[in-house]
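Peer 1: A single structure is presented below for examination.
The values are calculated or read from the model by the stated rules, or taken from the named source; none is laboratory data. Everything numeric in this text was worked out from a predicted model, so none of it was measured. Glycine also receives a Cβ, built like all others from the backbone with ideal geometry; neighbour counts cover every protein chain displayed.
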C-alpha cells in the first residue's frame, strides 16, 4: 500500500491490572514505553515522532498528547493524538503505519493507554451517543452488544451456551499470557451462572475494566531489518466507522467488519482468509462477537460461526487460533486494547509470543472495535510485502 | 517531500452561537462547501480525517457526531484530537504514504455549548496543577507577563494586535467580531487576567472548517486551483509550566525551522507575504511571529507600532482578522490554512494581500502553545 514499507520492531506492555494505584498516568505510559524501547534496542533519542491515544473522559484529562510527554518522552518532538473510542488502539497503529510510510518519520513510537479504574466507564461511553435520538434510550457499551447478540440469535438460533464456549476459550488462552489481567480458567457453567447484565450477556461474557498501557515502535524498511532479525511487516490496513446513530445499525451483522475485511484482504492479496491466515487477535469485547464477527470477516459462512468455534478450530493448536493472548475478555485497558491486539499479532509474527506462540505464524490479523459498531483492521506478515 | 496540494476549502461563518446547528450540521455545511469549491463530489474523496475534542464537545468519541456528515461511511476514516492543523498533518501523511490520493479533513467545535474555563482547566495535571484553578486564560496571563518582561513589549503594542485584527475582520464576511477600535478601547476594556483586558482575548465561537488535500497526480487531474504544500512540521514543548520558559516558544522555533527547510525558505521575512497565526491573545501573535522568524532580529511589538503587518504590508499577519475576531477551537488552525489558501489564490477580496505567493499557517495544542504545527503553502509548485 505504501510508498515505504513499514514494520513493527518493538513492543511493550505494562503490568495490566484492574487497579494500578502504584502509578499515575504518565508513569503507566512510561512503563510501556521503556519496555518497547528496550525491546527494539532503541533509546528515546532515536524516536522521530510520538502517536498517543486514550479516551479523554475516562481519566478526565484534556489534551493528553501535551500532558503525557513526561511519560512518552515526547518533549521537543512531534506528538499527535488520535482517538476514536474503542477503536483508539487500532487507530493509533494505523496512524503509525501512515506516518512512517509517508517518509516524514523513520521511527515512530505509538502509545495507547487507559486508567479505567479512575473512570465511570459506562457513564462516559453513554455521552458518545446523540443526546436527542440515542442517549436516553439506547446508550453505553453493553446495550448495543446485547441488541447485536439478540438479533443474531433470533436469525440463526445460536445460544448463550455457544457464546460461553468463546469466553472459555479466551480465558484458557489468557493463562498463557503473563500480561493478561484475568488468568484463571472458567467453565461454560461458570459463564451461564454468572450474573445477567443485559440479556443474553452474562458477566463472564464481557471484558473487564483494566489499567494498562501498550507501546509499539514502527520503523521504515532499511531501518527495521537492522533493529530486529524478524520485523513484523504491515501488509495492509483498512477500517470502517460506518454508523453515527445506533438506530441505523444493521443489527446481527457487523457491516464495518465485512467491508473492512474485504478491503484488507484485497489489498494484501488474501483470497482464502481461513487457510492463509495463521492467527487472529480479534478485538472481541464480548463472547458473542467471537461467533458473529468471524462470519463478517469471511472466515465461515453466515450462521456457521458457532459450529466452527465448537470444532476447536480457533483454540490453540487448531486450524486458526484466535486470541492466543486471551483477548479483550481477559484484559481491557480501552485506549490500549486495540494496540495490544496489534502488538500481540506482532509478537506472533516475530516469534516472540513465548507460551502463547502459534507455531510458525506467517500471516496474522489484528482488529479494533468501538464507536457505533466500528471496525479497524491490520494485516501482519513475516515476509516483506511484495508491493 | 513529494508534491501535494490543497484543492478545496469550505467553512461555516464563525459566530458566537449557532443554536440552529448540531455538530453534524456544521460539518455538512463546511464539507459540501469544500467539495463545491474543489468542483468534485464525495466519490473523489478517498479517505476522511475528522478533528475534534471530547471535552469541548461534551461527548466521548466526539468524532462519531460528524463522521456521517463528512461522508465517511464507506471510506477509511480516522480522527485526530487537537487543532485542525494536526488533523490536516495526518491527512497529508495518508496521501504521502501512497495509500490515498485525496483526504478530506474537517475540524469543528461549539464553544457556545462549553465552559471554556473548566475545559481548559482539565488540561492541567489533576495531581499537581489543576487545583490551583489555572485555565487557558490565567495561564496566558502568566505567559503575557513573562513575554512582556523579557522583551519589553508594552500593553499598548499588544493592544495594537487587537486593533489591527478586528479592523481586518471588517473585510471578512465569515468573521464573528469585525470592529473598529482603538488602543484606548482595548486598554480600558475590562481587565480579565492581568495584564490581559477583555479586548486582548479571543471570543468564544462556534464553527467548522473543511479542506481537501490531494496528491500531485490527483491535484493535476481534478484540482481547479491547487495551492501547494511546501513544508509542514510540528513539535511539543515540555508539559509543566514550571518546566518551560513561557516567555519563549522553542517548540514553535523548531517546527518553523523544519517547515522552512522543507520549503527551501532561507529568509522567511523576505520570502513569505502572508501569515495566519494562532492569536488567541493579542500578545501571542507578537510572540509567535518572532518565534517563526518573521521579524528578523527586531521586536514584533515595535514593528507593529511602526505600522507593519497590515493587509498592505509586505508581510501581512492575520489579514482575515485572526482568532481575535472569531475562535472556534479545533477548527481554528484549519481556518488559518483555509485563509492562507484564499490569499494564495487571490480570492480574499477586500483583505487580499497583494502579490501573495508564499504563506504560513499556524496552529497550537495545549496550554500557552505547548505544541505547535506550522504549514508553509505556496501558489506555485
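Peer 1: I need the full set of residues from segment A:251-272 which are buried (at least 17 other Cβ atoms within 10 Å of the Cβ), within 16 Å of residue A:236 (Cβ to Cβ) and either over 19 Å from the mean Cα position of the chain (by Cα) or without any contact (Cβ under 8 Å) to a residue 12 or more places away in the chain (or both), in order please.
Peer 2: Residues satisfying the conditions are A:267, A:268, A:270.
Peer 1: Select the helices (runs of 4 or more DSSP H) contained entirely in segment A:29-88, then report the ones holding at least 1 residues which are closer than 17 Å to residue B:235 by Cα.
Peer 2: Those helices (runs of 4 or more DSSP H) span A:64-67, A:69-72.
Peer 1: Now, a different point. Which ones in segment A:147-167 are within 19 Å of residue A:246 (Cβ to Cβ) and buried (at least 18 other Cβ atoms within 10 Å of the Cβ)?
Peer 2: A:148, A:149, A:152, A:153
Peer 1: When segment A:6-27 is examined, which residues are found to be part of a helix (DSSP H, G or I) and either surrounded by fewer than 23 Cβ atoms within 10 Å (Cβ to Cβ) or in the same structural domain as residue A:182 (by TED's automatic domain parsing) (or both)?
Peer 2: Within segment A:6-27, A:26, A:27 qualify.
Peer 1: I'm trying to understand the selection: among the residues of segment B:152-165, which are farther than 15 Å from residue B:197 by Cα and part of a helix (DSSP H, G or I)? Lay out the reasoning, then the answer.
Peer 2: First, pick out the residues of segment B:152-165 that are farther than 15 Å from residue B:197 by Cα: B:152-153, B:164-165.
Residues satisfying the conditions are B:164, B:165.
Peer 1: Can you tell which of B:141, B:175 is part of a helix (DSSP H, G or I), crowded, with 17+ Cβ neighbours inside 10 Å and more than 14 Å from every other protein chain (Cβ to nearest Cβ)?
Peer 2: B:141
Peer 1: Something else: On the basis of being more than 21 Å from the chain's Cα centre (by Cα), away from chain B (no Cβ under 14 Å), farther than 29 Å from residue A:285 by Cα and in contact (Cβ under 8 Å) with a residue 24 or more places away in the chain, does residue A:73 make the cut?
Peer 2: no
So that you can scan it fast, the table gives a plain yes or no per residue for (1) on the phi > 0 side of the Ramachandran plot; (2) buried (at least 21 other Cβ atoms within 10 Å of the Cβ):
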position: B:257; (1), (2): no, no
position: B:323; (1), (2): no, yes
position: B:326; (1), (2): yes, yes
position: B:330; (1), (2): yes, yes
position: B:334; (1), (2): no, yes
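Peer 1: Hey, another quick one. Condition first: touching a residue at least 12 places away in the same chain (Cβ under 8 Å), assigned to a loop (DSSP other than H, G, I, E, B) and either surrounded by fewer than 22 Cβ atoms within 10 Å (Cβ to Cβ) or more than 8 Å from chain B (Cβ to nearest Cβ) (or both). Can you find one or more residues in segment A:113-121 that meet it?
Peer 2: Yes.
Peer 1: Also: Taking segment A:94-110, which residues are surrounded by fewer than 24 Cβ atoms within 10 Å (Cβ to Cβ) and in contact with a strand residue (DSSP E or B) (Cβ under 6 Å, 6 or more places away or on another chain)?
Peer 2: The answer is A:105, A:106, A:107.
Peer 1: A further question on this structure: May I ask you to verify whether residue B:213 is within 13 Å of another protein chain (Cβ to nearest Cβ) and under 16 Å from residue B:381 (Cβ atoms)?
Peer 2: Here the answer is yes, as residue B:213 does meet what is asked.
Peer 1: Check B:276, B:290, B:271, B:298 and return the single one that is in contact with a strand residue (DSSP E or B) (Cβ under 7 Å, 6 or more places away or on another chain) and over 28 Å from residue B:15 (Cβ atoms).
Peer 2: Going through B:276, B:290, B:271, B:298 in turn, the sole match is B:271.
Each row is one residue, and each column tells you yes or no for (1) buried (at least 22 other Cβ atoms within 10 Å of the Cβ); (2) touching a strand residue (DSSP E or B) at 6+ places or on another chain (Cβ under 7 Å).
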site	(1), (2)
B:193	no, no
B:196	yes, yes
B:199	yes, no
B:204	no, no
B:210	yes, yes
B:214	yes, yes
B:220	no, no
B:229	yes, yes
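Peer 1: Can you pull out the strands (runs of 3 or more DSSP E) entirely within segment B:1-103 that have at least 3 residues that are within 12 Å of chain A (Cβ to nearest Cβ)?
Peer 2: Answer list for segment B:1-103: B:47-52, B:76-81.
Rundown of residues vs (1) within 23 Å of residue B:195 (Cα to Cα); (2) in contact with a helix residue (DSSP H, G or I) (Cβ under 6 Å, 6 or more places away or on another chain); (3) more than 14 Å from every other protein chain (Cβ to nearest Cβ), yes/no style:
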{"residue": "B:283", "(1), (2), (3)": "yes, yes, yes"}
{"residue": "B:310", "(1), (2), (3)": "no, no, yes"}
{"residue": "B:352", "(1), (2), (3)": "no, no, yes"}
{"residue": "B:363", "(1), (2), (3)": "no, yes, no"}
{"residue": "B:366", "(1), (2), (3)": "yes, yes, no"}
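Peer 1: Would you point out which residue out of A:291, A:329 is touching a residue at least 12 places away in the same chain (Cβ under 8 Å), more than 15 Å from the chain's Cα centre (by Cα), assigned by TED's automatic domain parsing to the domain that holds residue A:258 and assigned to a helix (DSSP H, G or I)?
Peer 2: Checking each option against the conditions leaves just A:291.
Peer 1: Applying the selection to segment A:260-275, what residues are part of a helix (DSSP H, G or I) and farther than 19 Å from residue A:350 by Cβ?
Peer 2: Answer for segment A:260-275, where residues must be part of a helix (DSSP H, G or I) and farther than 19 Å from residue A:350 by Cβ: A:260, A:261, A:262, A:263, A:264, A:265, A:266, A:267, A:273, A:274, A:275.
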